[in-house]
Amino acid sequence: MKMRSIHDQWSSRLAFILAATGSAVGLGNIWKFPYMAGQNGGGAFVLIYLACIFLIGIPIMIAEVMLGRRARQNPINAMATLAEQENRNPGWKLIGWSGTLAGFIIFSFYSVISGWTLYYVYLSLNHGFSSLSMEESQSLFQKMVENPYGLITCHTLFAGMTLGVVALGIQNGLERAVKVLMPGLLLLLLLLLGYSMSYGSFGETLRFLFQPDWNHLSEQSVLAAMGQAFFTLSLASGAIMVYGSYLPSDTSIPRTCIIVALSDTSIALLSGLVIFPIVFAQGMTPASGPGLIFQTLPVAFGAMPGGQWFAFLFFILFVFAAWTSSISMVEPGVSWLAENHGWTRPRASVMIGFGGWLVGLGTVFSFNLWQEFTILGKTFFECLDYLTSNLMLPLGGMAIAIFACWKLSTNSTRNELNLPDSYEFNLWRWVTGILAPFSVLLVCLNSLGVF
Ligand code: PFF
């Protein structure tokens, strides 16, 4: 039995691929992946990360899209309906609540960090970073985060950009935005790659990213790579499930998810190929951590011919990537308000946007006014980041895998995935239902400090 859609749909498979890739590609690819690879031994980390994407990320993504499309409703209703239909405990709907809430929480801090990228677009035009020293760069960054008014302005702008698109709806808003932004992003990335290949240390980068140095790989790096795979594919945050619920019925879910995951992975690797040649050319260390993009790169830009334009393009690209991700974080909440409470999309978007903006002020202040205010040694921002990335996403992902494989009737699943070949179906079921939850359990125990 197919369920009737109670809401809008993507106009085509390509629209879904662009939107889901837009959700997946974001700060996680351009900001986090390069610095994590830098800190965890380059090639060895990259290999483990790829293994996690293929063995855990893709199978869970297929499960999540499948659940969304099977129910054709926002994640909260989807899980409630599926649990009821399959005569399962109503508690399974917590998957929908946890995903929607995780998306909302991530949006609150993602908007603040994305606001920094807006500020750096402005800086690249205004300041140009010409002959910038490392101390000057650090002080530029420090000055930015110490000024709550500036951060609030950028955060407000970014939240407004996001909600503006979401308010317009699926085909008029989300689809139109990703159709322009995603090809734009790829074009900018290729342009920047050309620049890095000509002016940076490309050979050294290839060795660094693709020649595994197993000595640098610790148990911690393996687990970090797994967590990164979750975040980068936007799993268990409602985003992928709600996007799946707009997917046309005749589209192959496994094939589409593989394309999305491959695109996301290629963009993460391309980002590494753009960033590291500059880092190496300037004799900087690849292991400098989260400051890599905001503090290190401007110094490199400032020292290179045409660096001001390179910097401008780079931060514009960064804004595009963050924008298409943040749209997907609020969509589950907005569609829930619209479908369950009969609100118009613009009204629902304003409410969710305002709520996220308000919670985001906590993140703004954790870099300045509330810097000293910590819970268990973590600032407000760090608490939210920890709560989502280390707990909600992995646990949600594990629950999605278990529900899809063991609680949904095999017929519904096989029907929705359209996998008549039993070998392929069983392989997916084994990897998703056993291997993935077990691996996720390891991540959770580690992040809770059990080992
Ligand atoms: N995948 C995004 C990134 O790599 O930046 C982050 C993200 C997007 C997480 C959407 C959760 C989400 F719902």
Checklist outcome for this item: Helix-only [θ] at 222 nm, the chain, -39500 (n - 2.57) per DSSP H run of 4+, per residue, nearest 500, equals -22500 deg cm²/dmol
Checklist outcome for this item: Of 427-440, 63-76, 267-280, ordering from highest average Cβ density within 10 Å down gives 63-76, 267-280, 427-440
Next on the checklist: Suppose a student asked you for the relative contact order of the chain, using Cα pairs under 8 Å spaced at least 6 residues apart; what percent would you report?
Outcome noted: 35
Item to check | Full-extension gain in nm, PHE373 to SER131, via 0.36 nm per residue minus C-alpha separation | outcome: 83.5 nm
Checklist entry - What is the spin-label model distance, in nm, from SER422 to LEU445 if the labels are put 7 Å beyond Cα along the C-beta direction? => result 3.4
Checklist entry - With the dipole of the chain worked out from charges on the C-beta (+1 for Lys and Arg, -1 for Asp and Glu) around the Cα centre, which of GLY302, PHE314, HIS155 lies farthest toward the positive end? => result HIS155
Checklist entry - In nm, what is the difference between 0.36 nm times the number of residues separating ASN147 and ASN87 and their Cα-Cα distance? => result 16.3 nm
Next on the checklist: Can you compute the radius of gyration and Dmax for the chain, using only the Cα atoms, both in Å?
Outcome noted: 21.2, 66
Item to check | Packing-based ranking, highest mean first, of 81-92, 249-260, 159-170, 329-340 given that Cβ atoms within 10 Å are counted | outcome: 329-340, 159-170, 249-260, 81-92
Item to check | Within segment 379-403: backbone nitrogen closer than 18 Å to the TRP430 label point (7 Å, Cα to C-beta) | outcome: 402
Checklist outcome for this item: In degrees rounded to 10, the 0-90 angle between helix 75-85 Cα long axis and the longest Cα principal axis of the chain is 20
Item to check | P(r) histogram, all alpha-carbon pairs of segment 239-381 included - 5 Å bins from 0, percent | outcome: 2, 7, 11, 13, 13, 14, 17, 12, 7, 3, 1, 0
Checklist outcome for this item: For HIS127, HIS155, ascending order of other Cβ atoms within 10 Å (fewest first) is HIS127, HIS155
Checklist entry - Under a Cβ-Cβ cut-off of 15 Å, what is the net charge of the residues other than LYS32 that fall near it, where Lys and Arg count +1 and Asp and Glu count -1? => result -3
Checklist entry - Helix 393-402 sits at what angle to the longest principal axis of the chain, using alpha carbons and giving 0 to 90 degrees rounded to 10? => result 30
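No lab work stands behind these numbers, since they all come straight from the coordinates. Given the structure is predicted, the values throughout are model-derived calculations rather than measurements. All Cβ positions, glycine included, derive from the backbone under ideal geometry; neighbour counts span all protein chains shown.
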